[in-house]
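Below is one structure, written out as structure tokens; comments come after it.
The values are calculated or read from the model by the stated rules, or taken from the named source; none is laboratory data. These numbers come from a predicted model, not from an experiment. Here the Cβ positions follow ideal geometry from the backbone for every residue, glycine too, while neighbour counts run over all protein chains shown.
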Amino acid sequence: MKVLITGGTNGMGLGVARALAAQSAVEVVILGRSEELGKHTCDALARIATPERVSFVRCDLARLRDVRAAVDEIRNRHPSLDAIFVNAGLGYAPRRVETEDGLLEHFQVNYLAHFMLTLNLLDLLEASAHGGRVVFNATQVGELSFDNLQLEEKWSFEVAVGLGMVAKHLFYKQLHKLYGSRPQTSVSCLGFQIHKTVWSNQLNIIPRPMKAIATVMKWLGRFISIDECGTTMAPLFTEDKVASHARSGRFLTWSRGVFSDVGVDPSSDDPQDWQQLWDISLDLCGDERTRQCAARLARELTDVPESGLREKNHGKS
Ligand SMILES: NC(=O)c1ccc[n+]([C@@H]2O[C@H](COP(=O)([O-])OP(=O)(O)OC[C@H]3O[C@@H](n4cnc5c(N)ncnc54)[C@H](OP(=O)(O)O)[C@@H]3O)[C@@H](O)[C@H]2O)c1
């Protein structure tokens with residue numbers, strides 16, 4: 001199994017990378033924004049795995065031009081992929097930041113860059129002999145308003161994180177819908193919510209009062225380590241095709257030693273919203289190749305229009 005992990009240099013992504021690197025049949029491809037941290041991470045993982053089973057792709061998800069370059073690099077190096085872990089994300093931030101692409105950084109890093117990356121790698125997942133899959137690190141939290149996707153007013157980091165989470169839910173549900181009608185080349189897409197808060201690198205960047213509260217919560221057993229998170233999630237990347245397909249479209253968590261459904265989330269349950277965000281995302285990426293990937297999927301379907309709802313006012317200034 002060859003698994004691409006975004007944000008594999010820290011936190012939950014690193015925990016999953018370590019758990020997978022410990023398995024001799026798994027190759028781990030880390031995507032991260034820092035060359036130096038990437039090298040450090042690969043050196044550490046190579047002590048668990050072997051150097052040829054670990055590699056790094058530099059990509060700052062806050063730059064869409066980096067995503068385009070990363071897609072080329074991954075495609076040049078890997079004829080197929082078995083899994084993508086859509087994980088990298090911003091949590092705490094002291095203020096609203098716009099990327100060089102003119103977008104809300106949380107929206108771009110946590111969601112849109114992953115939309116672009118994933119769409120451009122779907123054919124590599126389709127080429128997997130083990131059943132390609134995309135696992136979304138998601139939580140049931142937040143809201144998404146199509147009139148205020150960039151949170152130009154009333155920004156807070158919690159609202160921004162929640163927006164990215166809902167966007168990820170809409171994305172994997174749309175992907176599942178698209179692939180559901182073509183089982184012969186199906187790619188599974190699922191959301192996973194970790195059952196406890198993970199003691200990740202986030203704790204190093206939050207303000208002191210928040211860290212003090214988190215430390216108390218840690219004493220109360222409310223946190224798990226990144227390695228426990230990695231061990232819990234690892235089977236989602238390595239289980240066989242049939243098991244993975246059976247989970248597609250679902251939103252899972254870990255409960256009483258098994259993966260179980262979280263339940264219906266009304267904020268991401270409307271197929272019109274899935275299509276609307278899909279169309280808006282294609283516009284925001286402004287990338288011809290990403291459009292072609294979406295058009296290819298739509299062409300191969302019978303029940304989904306190539307261009308769905310078009311919402312002009314989607315909050316990009
Ligand atoms: N911790 C939890 O309990 C929890 C629970 C549910 C969901 N989540 C979600 O899990 C994801 C990971 O969070 P975490 O807690 O593991 O946080 P973390 O320790 O801060 O890790 C975040 C990862 O994302 C990477 N990243 C951030 N901005 C990036 C960018 N512009 N380009 C490329 N990579 C970037 C970071 O890279 P660097 O290493 O360079 O910083 C890091 O590897 C987030 O989406 C978060 O919302 C976390």
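Can you name the residue in the stretch 180-205 that is farther than 15 Å from MET12 by Cα and modelled with pLDDT of 90 or more and is also nearest to the ligand (Cβ to nearest atom) among such residues?
By that ranking, first place goes to ILE205.
Any idea which of (1) closer than 27 Å to GLY102 by Cβ; (2) touching a Lys or Arg at 6+ places or on another chain (Cβ under 9 Å) is the one ASN204 doesn't satisfy?
The single condition ASN204 does not satisfy is (1).
Check the stretch 174-195 and report whether any residue there is assigned to a helix (DSSP H, G or I), in contact with a Leu (Cβ under 8 Å, 6 or more places away or on another chain) and among the β-branched types (Val, Ile, Thr).
no
Looking at the stretch 83-94, is at least one residue crowded, with 24+ Cβ neighbours inside 10 Å and away from the ligand (no atom under 15 Å from the Cβ)?
Yes, there is a match, as at least one residue in the stretch 83-94 is crowded, with 24+ Cβ neighbours inside 10 Å and away from the ligand (no atom under 15 Å from the Cβ).
Across the stretch 6-26, which residue is nearest to the ligand (Cβ to nearest atom) among those that are within 16 Å of the chain's Cα centre (by Cα) and not in a loop (DSSP other than H, G, I, E, B)? It would help to see each step written out before you state the result.
In the first step, residues of the stretch 6-26 are kept if they are within 16 Å of the chain's Cα centre (by Cα); the result is 6-17.
This time we only want the ones that are not in a loop (DSSP other than H, G, I, E, B), so: 6, 11-17.
Working: THR6: 6, GLY11: 2, MET12: 4, GLY13: 5, LEU14: 7, GLY15: 8, VAL16: 9, ALA17: 10 Å.
Of everything passing the filter in the stretch 6-26, GLY11 is nearest to the ligand (Cβ to nearest atom).
Restricting to the stretch 34-53, what's the tally of residues that are surrounded by 18 or more Cβ atoms within 10 Å (Cβ to Cβ), over 25 Å from THR99 (Cα atoms) and within 15 Å of the ligand (Cβ to nearest atom)?
Within the stretch 34-53, residues that are surrounded by 18 or more Cβ atoms within 10 Å (Cβ to Cβ), over 25 Å from THR99 (Cα atoms) and within 15 Å of the ligand (Cβ to nearest atom) number 3.
In contact (Cβ under 8 Å) with a residue 24 or more places away in the chain, under 19 Å from MET233 (Cβ atoms) and under 14 Å from the mean Cα position of the chain (by Cα), is that true of LYS168?
Answer is yes for this residue.
Inspect all residues belonging to the stretch 43-57 and state whether any of them is in a helix (DSSP H, G or I) and under 18 Å from the mean Cα position of the chain (by Cα).
no
Between a first residue in the stretch 95-120 that is farther than 26 Å from GLY132 by Cβ and a second residue that is assigned to a helix (DSSP H, G or I) and β-branched (Val, Ile, Thr), which pairs have beta carbons less than 7 Å apart while being 6 or more apart in sequence or on different chains?
HIS106/VAL161
With the requirement that a residue be in a strand (DSSP E or B) and not polar (S, T, N, Q), what does the stretch 96-139 give you?
GLU98, LEU104, ARG133, VAL134, VAL135, PHE136
Let me confirm something: among VAL67, VAL29, VAL71, which residue is more than 13 Å from the ligand (Cβ to nearest atom), crowded, with 20+ Cβ neighbours inside 10 Å, assigned to a helix (DSSP H, G or I) and on the phi < 0 side of the Ramachandran plot?
Step by step, each of VAL67, VAL29, VAL71 is checked, and only VAL71 is more than 13 Å from the ligand (Cβ to nearest atom), crowded, with 20+ Cβ neighbours inside 10 Å, assigned to a helix (DSSP H, G or I) and on the phi < 0 side of the Ramachandran plot.
Which of the numbered conditions does SER317 fail, given that it passes all the others? Conditions: (1) surrounded by fewer than 18 Cβ atoms within 10 Å (Cβ to Cβ); (2) modelled with pLDDT of 85 or more; (3) hydroxyl-bearing (Ser, Thr, Tyr).
Condition not satisfied by SER317: (2).
What are the residue pairs meeting all of these: first residue in the stretch 1-18, first residue farther than 23 Å from ARG75 by Cα, second residue more than 7 Å from the ligand (Cβ to nearest atom) and modelled with pLDDT under 95, Cβ atoms under 8 Å, and 6 or more apart or on different chains?
As it stands, the answer is ARG18/ILE48, since those pairs meet every condition given.
Here are some residues: ARG208, ARG256, ARG296. Which one is of a type in the set (Lys, Arg) and either within 12 Å of the ligand (Cβ to nearest atom) or in contact with an Asp or Glu (Cβ under 9 Å, 6 or more places away or on another chain) (or both)?
Every option except ARG296 fails the conditions.
Within the stretch 263-292, can you find the residues that are crowded, with 17+ Cβ neighbours inside 10 Å, hydrophobic (A, V, I, L, M, F, W, C) and more than 16 Å from PHE107 (Cβ to Cβ)?
TRP274
When only residues in the stretch 140-149 that are away from the ligand (no atom under 16 Å from the Cβ) and part of a loop (DSSP other than H, G, I, E, B) count, which is farthest from the chain's Cα centre (by Cα)?
Filtering first and then ranking leaves SER145.
Would you be able to say whether some residue in the stretch 100-112 is at pLDDT 95 or above, away from the ligand (no atom under 13 Å from the Cβ) and at positive phi?
For the stretch 100-112, residues at pLDDT 95 or above, away from the ligand (no atom under 13 Å from the Cβ) and at positive phi: present.
Return only the number of the condition from (1) surrounded by fewer than 16 Cβ atoms within 10 Å (Cβ to Cβ); (2) within 10 Å of the ligand (Cβ to nearest atom) that ARG58 does not satisfy.
ARG58 satisfies all of (1) surrounded by fewer than 16 Cβ atoms within 10 Å (Cβ to Cβ); (2) within 10 Å of the ligand (Cβ to nearest atom) except (1).
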